[in-house]
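Asks: Take a look at this one; I'll ask things after.
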Amino acid sequence: MISVEGLKVEFGVKPLFVDASFVINDRDRIALVGKNGAGKSTLLKILCGQQKPTSGNVSIPNDCRIGYLPQVMILQDDTTVREETQKAFADITRMKERLEEMNRQLAERTDYESEGYLQLIEKYTSEHERYMMMGAGNYEAEIERTLTGLGFERTDFDRPTSEFSGGWRMRIELAKILLQKPDVLLLDEPTNHLDIESIQWLEQLLAQSSSAVVLVSHDRAFINNVSNRTLEISCGRVIDYRVKYDEYVVLRKERREQQLRAYENQQKEVADMKAFIERFRYQATKAVQVQQKIKQLEKVVPIEIDEVDNSAMHLKFPPCLRSGDYPVICDEVRKDYGPHTVFDHVTLTIKRGEKVAFVGKNGEGKSTLVKCIMGEIPYTGELKIGHNIQIGYFAQNQAQLLDENLTVFQTIDNVAKGEIRLRINDILGAFMFGGEESDKKVKVLSGGERSRLAMIRLLLEPVNLLILDEPTNHLDMPSKDVLKEAIKAFDGTAIIVSHDREFLDGLVTKVYEFGGGRVREHLGGIYDFLRAKQITELNELGKETNSPTPWDKTSQPVGQSVPPPGTNRDILSKSLSYAEHKEQQKRLKRAEKAVKESEAKIEKMEQRLKELDSLLMNPENASDMELVTEYTTVKQSLDEEVDRWEKLSEEMDSITVN
């Protein structure tokens, strides 16, 4: 479908990549990966024709339609949501106008036997058939289905786009691209402005789409669920792995280990040649051999090793002052926008040192409550910020607020104070902005690099209450892992608004669910929350049949007071039930791990038996006792492992039932 040959892109002394060659086929779902600044967004722009390469060719058939969603775009605000989305069907609209014109001509003309009239009928019939084949009859239903899938309510369809935030307007652009049903979809960070439910809807759509897809995303679960092929930009090369992302990670590790062994062998050979040259350089009897070694040394092509995250940022939040025991206390907090109530009766207490998550559909008030805590917007009710609290706030649009005309160094130098100014270069180096990178202008940075720069600003002053609103947008996967570990080790309190399932897992100990104008508190991590809601995915929120009651062991409406149980036995029972639940989950995880390990052993032994079968079928090996003995041993071990797997599976099932 699209053929790329010998592509080379240069912006400075060192090219982004050279000699990139690959083909995008029908129904390919390609994950484009690489560290921030490797050239992923640039490659997408070249594929859609917005940018020209330094050299090389991109061959695209004339009838191939490409849909491209960039990370950032200029959006118009002069239409409603429905009208803007209908622009996706501009071809159909024009065709409809042509059909109406032809129909008018047919009604007015009376030369029914003329050749021109017959040609007009034929043209009308052909156009009408094409019009119906393009789905003209139900495009309004498609618009509604796509917009609701991306999180819009039907009441939003006739609202002006100017009333929506930049993230919601990006969803409109994504809807337009999806509705055009292009042959190739190029998506640059499509999940950055989507909540979990919309991400999972998009996952299913792309997995079932007949279009080829090339996507850049730092949402590990999303990219793995969608992809069936991975292109990696590394060391200035584009490497093609014809597997999904999870399998690519394994293959990449193996590839790098092979490179390391080859590199070490090459270095040993080079060292031996240099030692020989130095030892016999001045001996006339060895002159010929020395010259041969020098020529061999000149011909050595150094083996490159794939980039790894040794240069990844090492995040460490500076020591902070001890805050009061309760950094945030909300009592009957309510927020209204005109006649619309965002939330009401919000009563919650966040203790010192807790890491909590705010989850829920977009528009349910997560960022709004954060702004109330920050004192940026008015509200009713009582909201207390604890004693000695120093807040560090990372907003969704933090990266876009940077001055594009400043360099990376100037951006940090302008906000650094006191002794920290002496350590700016060290800090920039820790965030992969060392050396010449610090002299780059902000306007040439990728989305991920801007997010890292914005994160540095947050780290310049010690804080004891972190409020992070979608902190992982534009961060690559290694950077997200490092940030996650840093927050885990953070001494203070953290409130995290995020749709990133992988990021929240193992990080938070409490989840606040926003929905229906209420906020519910759930003890435990993100997956404890899902189990407590009796759902398997976050896109099922609001659809569960068994709503938690005030006696739910892991959740309760934080805006409603729970009736006192009446006895200490009830309180003790509740605590024990939760502890038992946690212990059961630990046992279940251990059992699942044991079953998976057993399945891996069985698969490996079955594969070896197939290999031995093939060898023993060869007449030359029929009497090879070593092969026969190995076959018998492996077969016996396989039988024993199958018995063990059955017992482990029964144990796992019994834990699940209990």
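Asks: Within region 226-240, is there a residue that is open to solvent by less than 60 Å² (accessible area, probe 1.4 Å), in contact with a Pro (Cβ under 8 Å, 6 or more places away or on another chain) and not in a loop (DSSP other than H, G, I, E, B)?
Replies: no
Asks: I would also like to ask the following. (1) of a type in the set (D, E, K, R); (2) surrounded by 18 or more Cβ atoms within 10 Å (Cβ to Cβ); (3) within 31 Å of the chain's Cα centre (by Cα): which one isn't true of E354, the others all being true?
Replies: Status for E354: all satisfied but (2).
Asks: Hey, another quick one. Name the residue that is nearest to I60 (Cα to Cα), counting only residues in region 19-40 that are polar (S, T, N, Q) and surrounded by fewer than 20 Cβ atoms within 10 Å (Cβ to Cβ). Working first, answer last.
Replies: Residues of region 19-40 polar (S, T, N, Q): 21, 25, 36.
Restricting the remaining residues to those that are surrounded by fewer than 20 Cβ atoms within 10 Å (Cβ to Cβ) gives 21, 25.
Details: S21: 14, N25: 11 Å.
Among those that are polar (S, T, N, Q) and surrounded by fewer than 20 Cβ atoms within 10 Å (Cβ to Cβ), it is N25.
Asks: For the condition open to solvent by 80 Å² or more (accessible area, probe 1.4 Å) and out of contact with any strand residue (DSSP E or B) (no Cβ under 9 Å at 6 or more places or on another chain), what is the one hit in N388, N405, N425?
Replies: On the way: N388 fails: open to solvent by 80 Å² or more (accessible area, probe 1.4 Å); N405 fails: out of contact with any strand residue (DSSP E or B) (no Cβ under 9 Å at 6 or more places or on another chain).
None of the other options fit; the residue is N425.
Asks: Residues in region 241-265 that are at pLDDT 85 or above, assigned to a helix (DSSP H, G or I) and among the aromatic types (F, W, Y): how many?
Replies: Adding up the residues that qualify gives 2.
Asks: Name the residue, out of L178, L194, L147, L186, that is on the phi < 0 side of the Ramachandran plot, assigned to a strand (DSSP E or B), in contact with a helix residue (DSSP H, G or I) (Cβ under 7 Å, 6 or more places away or on another chain) and surrounded by 13 or more Cβ atoms within 10 Å (Cβ to Cβ).
Replies: Working: L178 fails: assigned to a strand (DSSP E or B); L194 fails: assigned to a strand (DSSP E or B); L147 fails: assigned to a strand (DSSP E or B).
The unique qualifying residue is L186.
Asks: May I pose another question? Filter region 198-224 down to residues that are surrounded by fewer than 19 Cβ atoms within 10 Å (Cβ to Cβ) and of a type in the set (S, T, N, Q) and give me whichever is modelled with the highest pLDDT.
Replies: That would be Q204.
Asks: Could you please find all residues in region 81-115 being touching a residue at least 40 places away in the same chain (Cβ under 8 Å) and out of contact with any Ser or Thr (no Cβ under 7 Å at 6 or more places or on another chain)?
Replies: Residues of region 81-115 that are touching a residue at least 40 places away in the same chain (Cβ under 8 Å), as a first pass: 81-82, 84-89, 91-92, 95-96.
The answer is R82, T85, Q86, K87, A88, F89, D91, I92, M95, K96.
Asks: Same structure, new question: Do we have E298 as under 30 Å from E232 (Cβ atoms) and open to solvent by 80 Å² or more (accessible area, probe 1.4 Å) here? Talk me through it step by step, then tell me what you get.
Replies: Details: under 30 Å from E232 (Cβ atoms): no; open to solvent by 80 Å² or more (accessible area, probe 1.4 Å): yes.
So E298 fails the test.
Asks: For region 444-464, what are the residues that are open to solvent by 10 Å² or more (accessible area, probe 1.4 Å), within 18 Å of the chain's Cα centre (by Cα) and at pLDDT below 75?
Replies: Result: S446, G447.
Asks: From the list I329, I389, I377, I385, which one is within 32 Å of the chain's Cα centre (by Cα) and at pLDDT 85 or above? Let's see the steps before the verdict.
Replies: On the way: I329 fails: within 32 Å of the chain's Cα centre (by Cα); I389 fails: within 32 Å of the chain's Cα centre (by Cα); I385 fails: within 32 Å of the chain's Cα centre (by Cα).
Answer to the selection: I377.
Asks: Additional query: Could you please find all residues in region 204-218 being closer than 14 Å to K35 by Cα and not in a strand (DSSP E or B)?
Replies: Our first condition is that a residue be closer than 14 Å to K35 by Cα; within region 204-218, this holds for 216-218.
Residues satisfying the conditions are S217, H218.
Asks: Going by the structure shown, is T411 in a loop (DSSP other than H, G, I, E, B), within 28 Å of P70 (Cβ to Cβ) and at pLDDT 75 or above? Reasoning before the result, please.
Replies: Numbers: in a loop (DSSP other than H, G, I, E, B): no; within 28 Å of P70 (Cβ to Cβ): yes; at pLDDT 75 or above: yes.
The answer is no for T411.
Asks: Say we look at region 502-518 and pick out the residues that are over 26 Å from the mean Cα position of the chain (by Cα) and farther than 23 Å from Q200 by Cα; which of these is most open to solvent (accessible area, probe 1.4 Å)?
Replies: Pass one, region 502-518, residues over 26 Å from the mean Cα position of the chain (by Cα): 516-518.
Now drop any that are not farther than 23 Å from Q200 by Cα, which leaves 517-518.
Working: G517: 13, R518: 81 Å².
Selected residue: R518.
Asks: Next question, about the same structure. Based on what the data block shows, is V58 surrounded by 13 or more Cβ atoms within 10 Å (Cβ to Cβ) and at pLDDT 85 or above? Give the derivation first.
Replies: Details: surrounded by 13 or more Cβ atoms within 10 Å (Cβ to Cβ): yes; at pLDDT 85 or above: yes.
Yes.
Asks: How many residues are farther than 21 Å from A494 by Cβ and either assigned to a loop (DSSP other than H, G, I, E, B) or open to solvent by less than 60 Å² (accessible area, probe 1.4 Å) (or both) if we restrict to region 324-342? It would help to see each step written out before you state the result.
Replies: Step one: filter region 324-342 for residues farther than 21 Å from A494 by Cβ, giving 331-332, 334-342.
If we keep only those that are either assigned to a loop (DSSP other than H, G, I, E, B) or open to solvent by less than 60 Å² (accessible area, probe 1.4 Å) (or both) as well, we get 335-336, 338-339, 341-342.
Number of matching residues: 6.
Asks: Give the residue, chosen from R94, R65, that is modelled with pLDDT of 85 or more and either within 30 Å of N25 (Cα to Cα) or open to solvent by 90 Å² or more (accessible area, probe 1.4 Å) (or both).
Replies: Being modelled with pLDDT of 85 or more and either within 30 Å of N25 (Cα to Cα) or open to solvent by 90 Å² or more (accessible area, probe 1.4 Å) (or both) holds for just one of R94, R65, which is R65.
Asks: Next question, about the same structure. Scan region 250-292 for residues that are among the hydroxyl-bearing types (S, T, Y) and within 30 Å of T230 (Cα to Cα) and jot them down. Steps first, answer last, please.
Replies: First, pick out the residues of region 250-292 that are among the hydroxyl-bearing types (S, T, Y): 263, 282, 285.
The one that is among the hydroxyl-bearing types (S, T, Y) and within 30 Å of T230 (Cα to Cα): Y263.
Asks: Can you name the residue in region 480-499 that is more than 21 Å from V333 (Cβ to Cβ) and touching a Pro at 6+ places or on another chain (Cβ under 9 Å) and is also most open to solvent (accessible area, probe 1.4 Å) among such residues?
Replies: Only one residue tops the list, namely D491.
Asks: Quick check, is G363 open to solvent by 60 Å² or more (accessible area, probe 1.4 Å), in a loop (DSSP other than H, G, I, E, B) and of a type outside the set (V, I, T)?
Replies: Working: open to solvent by 60 Å² or more (accessible area, probe 1.4 Å): yes; in a loop (DSSP other than H, G, I, E, B): yes; of a type outside the set (V, I, T): yes.
Yes; evaluated as a whole, the condition is true for this residue.
Asks: Right, another one. Being under 13 Å from D469 (Cβ atoms) and open to solvent by 20 Å² or more (accessible area, probe 1.4 Å) is the filter here; which residues of region 369-385 pass it?
Replies: K371, M374, E376
Asks: Right, next: Take I2 and decide whether it is closer than 30 Å to F164 by Cβ, surrounded by 13 or more Cβ atoms within 10 Å (Cβ to Cβ) and β-branched (V, I, T). Break it down stepwise before answering.
Replies: On the way: closer than 30 Å to F164 by Cβ: no; surrounded by 13 or more Cβ atoms within 10 Å (Cβ to Cβ): yes; β-branched (V, I, T): yes.
When the stated conditions are applied, I2 does not pass them.
Asks: Note down all Cβ pairs under 7 Å where the first residue falls in region 332-353 and is over 16 Å from G386 (Cβ atoms) and in contact (Cβ under 8 Å) with a residue 40 or more places away in the chain, the second is basic (K, R) and open to solvent by less than 70 Å² (accessible area, probe 1.4 Å), and they're at least six residues apart or on different chains.
Replies: From region 332-353, the pairs are V342/K335; F343/K335.
The values are calculated or read from the model by the stated rules, or taken from the named source; none is laboratory data. Computed from a prediction, not measured in an experiment: that's the story for all the values here. As a convention, Cβ positions derive from the backbone with ideal geometry for all residues, glycine included, and neighbour counts pool all protein chains shown. Side chains are part of the model used for accessible areas, which takes the heavy atoms of the whole protein and leaves out ligands, DNA and RNA. Shrake-Rupley method; radii C 1.70, N 1.55, O 1.52, S 1.80 Å.
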